[in-house]
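Colleague: Sending over a structure as structure tokens; questions will come in a sec.
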Amino acid sequence: ISGEDVADHAAVTVLAATTAEELFGARDPVGQSVTVSGVPMTVIGTLTAAGSSASTNEDDQAIVPITTAADRITGGASRDSVQNIYLEATSGHTLSAAYQEADYELLARHRITTPTAADFSITSQQSILSTATSVDRTLTVLLAGVAGISLLVGGIGVMNIMLVSVTERIREIGLRKALGASPRVIRRQFLVEASVLGLAGGLLGTALGLAGAAILPSLISDPISISPTATIGSIVIAVAIGVVFGVYPATRAARLAPIEALRSD
């Protein structure tokens, strides 16, 4: 959009990527006619994909000269009002200075002497990035807490199963000790069983996660990526949980006296 288009109140528009694709598909939209808010306009260009944020989709819009919008689209008392102004800094190093310059200019134009009383707000990519980083950090902590509680509950479940196993196999433990098995061997046997139990749970959970990653994209229309490192790490953690929570049952089995174990019913 040139200065001449603004001066002439030209009925021209530039379409964003998604808008152009939805209206014309694979065809070149330049030179075609579209209707913007009931006003016929000629497409003079398209924008490359810019992505979307939480507040707006930059790829789903049509851009027209500001004079054309004021006279032919908005009109009335609102013809001179705008909701958003987009500015571009000369570089990333001058972003903070550009932010301050825009703030001072708007305060002066709105005749506001106290910055805290401003009737406008300014956001930058840096502030959006900071907000997104803060939200991601909060969600990470929250998910880590949920995962920690899940691991604790799972570990208690493993320990209970191993305690039941020790109780049901007291005579077997006593017989093995009577035949010469040392407490170290008994302890190692039950630790191996606990680690296998954790491994089985880890593999089952991984299988369910992979199945969910294969099914969910078709339901939510968003791709899901799988991290091999996270997958292997989850299995390792599951085995470690089995070993850690299997220490007490294994130690209890290793401390059983052979005579008392053989006399148990």
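The values are calculated or read from the model by the stated rules, or taken from the named source; none is laboratory data. Everything numeric here is computed off the predicted structure, so don't read it as measured data. Using ideal geometry, Cβ is built from the backbone for each residue, glycine included, and neighbour counts are taken over all protein chains shown. Please note that ligands, DNA and RNA were not included when accessible areas were found on the heavy atoms of the full protein model with its side chains. Shrake-Rupley method; radii C 1.70, N 1.55, O 1.52, S 1.80 Å.
Colleague: Which one is right for this structure if P(r) over Cα pairs in 5 Å bins from 0, in percent is calculated from it: [x] 1, 5, 11, 15, 16, 16, 13, 10, 6, 3, 1, 1, 0, 0; [y] 1, 5, 10, 13, 13, 12, 10, 7, 7, 6, 5, 4, 3, 2, 1, 0, 0, 0; [z] 1, 5, 7, 8, 9, 9, 8, 7, 6, 6, 5, 5, 4, 4, 4, 4, 3, 2, 2, 1, 0?
Modeller: Step by step, P(r) over Cα pairs in 5 Å bins from 0, in percent for this structure corresponds to label [z].
Colleague: In whole percent, and with a 1.4 Å probe on the protein chains, what portion of the accessible area of the stretch 141-263 is carbon and sulfur? Mind dumping the intermediate values first?
Modeller: Numbers: 5620 of 7750 Å².
Roughly 73 percent, rounded to a whole number.
Colleague: Shifting gears a bit: How many percent of the accessible area of the stretch 3-83 is carbon or sulfur, using a 1.4 Å probe? Mind dumping the intermediate values first?
Modeller: On the way: 2350 of 4940 Å².
For the stretch 3-83, the apolar C and S fraction of the accessible surface comes to 48 percent.
Colleague: Pick out the long, greasy-scoring helices in the chain: whole DSSP H runs spanning 20 Å or more along their own axis by Cα, mean Kyte-Doolittle at least 1.0. Mind dumping the intermediate values first?
Modeller: On the way: long enough: 95-109 (21 Å, -0.22); 125-168 (63 Å, 1.18); 183-220 (54 Å, 1.20); 228-254 (38 Å, 1.46).
Both cut-offs are met by 125-168, 183-220, 228-254.
Colleague: Right, another one. Between beta-carbons, use under 13 Å as the cut-off and find the net charge around ARG255, counting Lys and Arg +1, Asp and Glu -1. Before the final figure, lay out each step's value.
Modeller: Working: positive: LYS177, ARG184, ARG187, ARG252; negative: GLU260.
Net charge around ARG255: +3.
Colleague: Next question. Could you work out the local net charge near ALA102, counting Lys and Arg as +1, Asp and Glu as -1, over the other residues with Cβ closer than 12 Å to its Cβ? Walk me through the numbers before you get to the answer.
Modeller: On the way: positive: ARG109; negative: GLU88, GLU101, ASP103, GLU105.
Net of charged neighbours comes to -3.
Colleague: Something else: Send over a whole-number figure in Å² for the accessible area per residue of the stretch 3-83, probe 1.4 Å.
Modeller: Accessible area per residue, the stretch 3-83: 61 Å².
Colleague: Working out 0.36 nm times the residue gap between ASP71 and ARG171, then minus their Cα-Cα distance, what length gain in nm do you get to one decimal?
Modeller: Working: separation 100, 0.36 × 100 = 36.00 nm, distance 9.42 nm.
Contour length minus Cα-Cα distance gives 26.6 nm.
Colleague: Also, I was wondering about something else. What's the extension gain from ALA211 to ALA11 if we count 0.36 nm per residue and subtract their Cα-Cα distance?
Modeller: Values: separation 200, 0.36 × 200 = 72.00 nm, distance 5.22 nm.
Taking 0.36 nm per residue and subtracting the Cα distance, the gain is 66.8 nm.
Colleague: Sticking with this structure for a sec: Summing +1 for each Lys or Arg and -1 for each Asp or Glu, what net charge is found among the other residues whose Cβ lies under 15 Å from the Cβ of MET162? Walk me through the intermediate numbers first.
Modeller: Numbers: positive: ARG169, ARG187, ARG188, ARG252, ARG255; negative: GLU168, GLU172, GLU193.
Its environment carries a net charge of +2.
Colleague: So if each residue of separation counts as 0.36 nm, and I subtract the Cα-Cα distance between THR231 and THR90, what length gain in nm does that give? Don't skip to the answer; put the middle values down first.
Modeller: Numbers: separation 141, 0.36 × 141 = 50.76 nm, distance 4.32 nm.
The span from THR231 to THR90 would gain 46.4 nm if fully extended.
Colleague: Tell me what the chain gives for mean residue ellipticity at 222 nm when only DSSP H runs of n ≥ 4 count, each as -39,500 (n - 2.57), the sum divided by the residue total, rounded to 500 deg cm²/dmol. The partial results should precede the final answer.
Modeller: Details: 8 runs with 152 residues, N = 265.
Only helices count here, giving -19500 deg cm²/dmol.
Colleague: With +1 on the Cβ of every Lys and Arg and -1 on the Cβ of every Asp and Glu, and nothing else charged, how large is the dipole of the stretch 77-125 about its Cα centre, in debye rounded to the nearest 20? Write down the numbers at each step before the final one.
Modeller: Numbers: 3 positive and 6 negative charges, 27 e Å.
The calculated dipole for the stretch 77-125 is roughly 120 debye.
Colleague: Place a +1 charge on the Cβ of each Lys and Arg in the chain and a -1 charge on the Cβ of each Asp and Glu, then give the dipole magnitude about the Cα centre in debye, rounded to the nearest 20. Walk me through the numbers before you get to the answer.
Modeller: Working: 16 positive and 23 negative charges, 548 e Å.
Roughly 2640 debye, rounded to the nearest 20.
Colleague: Turning to a different aspect of this structure: Ranked highest first by the average count of other Cβ atoms within 10 Å around their residues, in what order do 159-166, 139-146 fall? Walk me through the numbers before you get to the answer.
Modeller: Numbers: 159-166: 17.0, 139-146: 10.0.
With the highest mean Cβ count within 10 Å placed first, the list reads 159-166, 139-146.
Colleague: Taking R0 as 35 Å, what FRET efficiency do you get between THR131 and ALA200 from their Cβ-Cβ distance, rounded to the nearest 0.05? Numbers along the way, then the final one.
Modeller: On the way: r = 42 Å, r/R0 = 1.20.
So the FRET efficiency works out to roughly 0.25.
Colleague: So, by mean Cβ neighbours within 10 angstrom, what's the order for 169-179, 20-30 with the highest one leading? Provide the component values of the computation, followed by the final result.
Modeller: On the way: 169-179: 16.0, 20-30: 13.5.
Descending mean neighbour count gives 169-179, 20-30.
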